[in-house]
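Following: one structure in structure tokens, then a few remarks.
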Amino acid sequence: MTKLEQTELTPSSRFAPVTNRLRWLVGADWFSAISALGALVVVVGVLHPAFVSPTQLTNIVQQSVYVALMAAGISFLLTQGEVDLSVAGNYVLASITAALLIHNGVNPWLAAGIAIIQSVIVGAFNAFIVLVIGIPSLIATLAMGWVLRGLASAVSEGKQVVGMPVHDSFFVILGGGSFLGLPVAIWVLILAVVILTVVLRATPFGYRVRQIGSNLDAAQFAGIPVGRTKALGFLLCGGIAGVAGMLGLAFFTSGDPTSGGGFELFAVAGAVIGGNPLTGGTATIFGAVIGAILLNTVSVALVFFNIPAVWSQFATGAVIIIAVSLDGLMRRRRNRNRL
Amino acid sequence: MNSHINSLSRRGRRVTVALVAVAASALMLVGCSTSAPAGDTAKNAAPGSVKLGIAYWETRTYAFQLMLKGAQAVASVDPTIDLTSAAPDAGDPSKLLPLFQAMAQTQKAGIVLQTLAADPFFRPVQQITSSGTPVIAIDAPPPADAGVDLFITNDNVALGKMLVDEIIKGIPVDAKGEIVIGTSGPAVPPLIARVEGMKAALAAQRPGVTVVGPVSTFGTSGSSQENYSAWDGIWRQHPTALAYLSPAAQDAVSLGLLQQRNKVKLLAGGMDLEPGALEAVQNGYVTALVSPEHWLKGYIATKLLAAHAEKGTAIPKGIWNTGGLVVNAANIAAIVERQASDGALLKALGPIGDDQIANSTKYLK
């Protein structure tokens, strides 16, 4: 065979780059979540075209931003075998703190910065309780969530903090502004996904996070600082919850101590549905965000089908169970096939 | 071997994706069978062509369900109306807002909005009213300057006074002692207004009485168990109080249960028409309830929107006070019968709602 004949492309090798890309796409942890989201949007859109109007789809993503950010932050902990159920309490306390500061004359941007620092400090508290005192993160952060909500309720006297300067640039830009047709909040989410994905995939910290999740003993044996890495995960998760709180404050123009109920469950469920297993080991920020958007899409879609409101909680919970179960079954099958 | 494993994985993923899509679709199709007449593209006078919606605070409180029932009653007798309803399982603006926005995409003839938090809805409501969809607010104030011109509500201060006027019939004018007010909604504006009314009426009519509270009976989650525990604690701390009052719904239920369990007789009064509270009145444990007649709010708001869509009737502007009703031993049987079914509610309250609409200037300010 001549060299020319050796190098001639066969039909299968000609499509190898495309096939490899498709194989990568289908094998991605987030593929199931995005496929389910796409299928849901298509099915509902066919039956109710108003569902796929740009306004409606934008509204869905915009209202998913808060839980999606929390899910992205939680991914850094889930992959290391930890969890943070205080994210919703942190979100609420951050918005109340910022609202109270603004109400008392502090510049909104400065107030937001202070509130986000407070959220990081909450993350530090979580890290201390889990890693130093040694309480499992499930219990520690669940209790911390109660503390934070109680504190938010106490400092706000149980009432909404209203009277925000809605014409200030903070509220105008973050709450009502848009860029290239998308609300600023969605751009913040996109930026967060990009940054967090780079952190996870291309930084030493991200490498350590994935190694700890993959095999804790091996990571310790290799000299990876497990405690410090997990602590950073808690700080990051807390800070992101604070950012979500600021976006919520900017949009809703009030601090509400009763808001965000159940957000921690949706954030964890969204992260898991998106491809972050509860058992740890792998992480996908994009998947976590898609999972959170999927959950919100389900509850909004129910409106279009006029499902009685009293059934909506049942329907949303059922979808979570089905999606998480299927993901778990699929992982087990994949792991079995690898052995 | 690797290709075989890969093909199994691919097949597994395809199956997973298909199952999730089928599951979601099945849930949606269940909704199709229970929905009002479909017809996104129906036009003019066809059945279901007038698309109205009601978005309310949450599904767990009976008072809010009554507002929904009032709205549904209008649709039940007018096949032209396609009414969509939506509410989250817990009161939270961030949960109600996406549902409200979704509803606004299809229910263009008008939306009834019942939210206990106005500010978070300012931008979305303004966007929706600017697009030409009328919004009527019921029960709690709408966001200011958002294009909502009609607010149907109660004078909650007056409702508080009504309860006291009824309860103090059993308290001598020169009585000295305590009257305890407990509330499961310490931060809910309509309930705060009712407490103000109670306190004002007590100060005016029983000046020798000391008002204790309002004490929060919400607990940490507002559950009925925590509410009962809170009232149990309040009673044990103030066992000789002259009366126990509440502006909220669940409290009257707990007050009745408290007396039943402990075999005591207290002078108790509350608000709203929770089934347990009605039972407590029937059994003599609760002396009086004041009903804000929530059904009427949903009914009147929906009927006004329907008339606007069908006949071009202008939607009135202002604050509409639907009034309240004292429920005591004298009329409890009639009220229980009225509350027993949607049909009975429509039969009893429909004419009242229609009369208010026909004489709207009496109720508007």
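Under 7 Å by Cβ, and 6 or more places apart or on different chains, what pairs join a residue from the stretch A:103-120 that is within 17 Å of A:Ser156 (Cα to Cα) with one that is surrounded by fewer than 16 Cβ atoms within 10 Å (Cβ to Cβ)?
Pairs found: A:His103/A:Gly163.
Helices (runs of 4 or more DSSP H) wholly in the stretch A:143-239 with at least 1 residues that are touching a Leu at 6+ places or on another chain (Cβ under 9 Å) - which ones?
A:184-202, A:204-214
Being within 12 Å of B:Gly182 (Cβ to Cβ) and assigned to a strand (DSSP E or B) is the filter here, so list the residues in the stretch B:193-225 that pass it.
Within the stretch B:193-225, B:Val211, B:Val212, B:Gly213, B:Pro214, B:Val215, B:Ser216 meet the criteria.
If a residue must be buried (at least 19 other Cβ atoms within 10 Å of the Cβ) and assigned to a helix (DSSP H, G or I), how many such residues does the stretch B:164-187 contain?
Of the residues in the stretch B:164-187, 3 are buried (at least 19 other Cβ atoms within 10 Å of the Cβ) and assigned to a helix (DSSP H, G or I).
Take the residues in the stretch B:267-277 that are more than 15 Å from B:Tyr228 (Cα to Cα) and surrounded by fewer than 24 Cβ atoms within 10 Å (Cβ to Cβ); name whichever of them is modelled with the lowest pLDDT.
It comes out as B:Pro275.
Which condition breaks for A:Gly262 when tested against (1) surrounded by fewer than 24 Cβ atoms within 10 Å (Cβ to Cβ); (2) farther than 18 Å from A:Gly317 by Cα; (3) within 14 Å of another protein chain (Cβ to nearest Cβ)?
(2)
Tally up the residues in the stretch A:166-181 that are surrounded by 14 or more Cβ atoms within 10 Å (Cβ to Cβ) and within 14 Å of B:Arg123 (Cα to Cα), please.
Looking only at that region, the number is 9.
Quick one: which helices (runs of 4 or more DSSP H) lie wholly within the stretch A:6-95 and hold at least 3 residues that are at the interface with chain B (Cβ under 9 Å from one of its Cβ atoms) and modelled with pLDDT of 75 or more?
In the stretch A:6-95, the matching helices (runs of 4 or more DSSP H) lie at A:31-47, A:54-78.
Please determine, by comparing only the residues of the stretch B:120-134 that are facing chain A (nearest Cβ under 8 Å) and surrounded by fewer than 22 Cβ atoms within 10 Å (Cβ to Cβ), which one is nearest to B:Leu66 (Cα to Cα).
Restricting to residues being facing chain A (nearest Cβ under 8 Å) and surrounded by fewer than 22 Cβ atoms within 10 Å (Cβ to Cβ), the top hit is B:Phe122.
Check whether at least one residue in the stretch B:131-152 is in a helix (DSSP H, G or I) and either within 16 Å of B:Trp320 (Cα to Cα) or modelled with pLDDT under 95 (or both), and report yes or no.
Among the residues of the stretch B:131-152, not one is in a helix (DSSP H, G or I) and either within 16 Å of B:Trp320 (Cα to Cα) or modelled with pLDDT under 95 (or both), which makes the answer no.
Which condition breaks for B:Thr115 when tested against (1) crowded, with 22+ Cβ neighbours inside 10 Å; (2) more than 27 Å from B:Thr361 (Cα to Cα)?
(2)
What's the number of the only condition in (1) at the interface with chain A (Cβ under 10 Å from one of its Cβ atoms); (2) part of a helix (DSSP H, G or I); (3) in contact (Cβ under 8 Å) with a residue 40 or more places away in the chain that B:Asp82 fails to meet?
Checking B:Asp82 against (1) at the interface with chain A (Cβ under 10 Å from one of its Cβ atoms); (2) part of a helix (DSSP H, G or I); (3) in contact (Cβ under 8 Å) with a residue 40 or more places away in the chain, the one that fails is (2).
In this structure, is B:Ala175 in contact with a strand residue (DSSP E or B) (Cβ under 7 Å, 6 or more places away or on another chain), more than 14 Å from chain A (Cβ to nearest Cβ) and closer than 30 Å to B:His238 by Cα?
yes
Quick one: in the stretch B:281-318, of everything that is in contact with a strand residue (DSSP E or B) (Cβ under 8 Å, 6 or more places away or on another chain) and of a type in the set (Gly, Ala, Ser), which residue is farthest from B:Gly110 (Cα to Cα)?
Across the stretch B:281-318, the extreme among qualifying residues is B:Ala288.
For B:Thr106, work out the one condition from (1) within 7 Å of chain A (Cβ to nearest Cβ); (2) farther than 20 Å from A:Thr58 by Cβ it doesn't fulfil.
So B:Thr106 meets the others, but not (2).
Quick one: which residue in A:Gly158, A:Gly213, A:Gly134, A:Gly123 is within 16 Å of A:Gln80 (Cα to Cα) and modelled with pLDDT under 90?
When all the criteria are applied, what remains is A:Gly213.
Considering only residues of the stretch A:122-142 that are more than 26 Å from B:Asp92 (Cα to Cα) and β-branched (Val, Ile, Thr), which is farthest from the other protein chains (Cβ to nearest Cβ)?
A:Val132
(1) in a helix (DSSP H, G or I); (2) over 17 Å from B:Ile315 (Cβ atoms); (3) in contact with a Ser or Thr (Cβ under 9 Å, 6 or more places away or on another chain): which one isn't true of B:Lys161, the others all being true?
For B:Lys161, the exception is condition (3).
What residue, among those in the stretch B:226-263 that are without any contact (Cβ under 8 Å) to a residue 12 or more places away in the chain and part of a loop (DSSP other than H, G, I, E, B), is surrounded by the fewest Cβ atoms within 10 Å (Cβ to Cβ)?
B:Lys263
Where the second residue is among the small types (Gly, Ala, Ser) and not in a helix (DSSP H, G or I) and the first is facing chain B (nearest Cβ under 7 Å) and in contact (Cβ under 8 Å) with a residue 60 or more places away in the chain and lies in the stretch A:298-311, which pairs have Cβ atoms under 8 Å and are six or more apart or on separate chains?
Correct list of pairs: A:Phe305/B:Ser35.
Considering every residue within the stretch A:284-300, establish whether at least one is crowded, with 23+ Cβ neighbours inside 10 Å, modelled with pLDDT of 85 or more and in a loop (DSSP other than H, G, I, E, B).
Looking for residues that are crowded, with 23+ Cβ neighbours inside 10 Å, modelled with pLDDT of 85 or more and in a loop (DSSP other than H, G, I, E, B), one finds at least one in the stretch A:284-300, hence yes.
Could you pull out every one of the strands (runs of 3 or more DSSP E) wholly within the stretch B:279-342 that has 3 or more residues that are in contact with a Phe, Trp or Tyr (Cβ under 6 Å, 6 or more places away or on another chain)?
In the stretch B:279-342, the matching strands (runs of 3 or more DSSP E) lie at B:318-321.
Just to be sure, is B:Leu96 buried (at least 21 other Cβ atoms within 10 Å of the Cβ), more than 7 Å from every other protein chain (Cβ to nearest Cβ) and modelled with pLDDT under 90?
no
Can you tell me which of A:Gly145, A:Gly163, A:Gly150 is among the small types (Gly, Ala, Ser), within 14 Å of chain B (Cβ to nearest Cβ) and surrounded by fewer than 14 Cβ atoms within 10 Å (Cβ to Cβ)?
Sole residue among the options that is among the small types (Gly, Ala, Ser), within 14 Å of chain B (Cβ to nearest Cβ) and surrounded by fewer than 14 Cβ atoms within 10 Å (Cβ to Cβ): A:Gly163.
Using the structure shown, decide if B:Gly53 is in contact with a Ser or Thr (Cβ under 9 Å, 6 or more places away or on another chain), surrounded by 24 or more Cβ atoms within 10 Å (Cβ to Cβ) and outside any loop (DSSP other than H, G, I, E, B).
Considered against the rule, which asks whether it is in contact with a Ser or Thr (Cβ under 9 Å, 6 or more places away or on another chain), surrounded by 24 or more Cβ atoms within 10 Å (Cβ to Cβ) and outside any loop (DSSP other than H, G, I, E, B), B:Gly53 comes out as yes.
Can you find even one residue in the stretch A:249-258 that is within 14 Å of chain B (Cβ to nearest Cβ), modelled with pLDDT under 90 and under 18 Å from the mean Cα position of the chain (by Cα)?
no
The values are calculated or read from the model by the stated rules, or taken from the named source; none is laboratory data. Here the structure is a predicted model, which means the values were calculated and not measured. With ideal geometry, Cβ positions are generated from the backbone for all residues, glycine too; neighbour counts draw on all protein chains shown.
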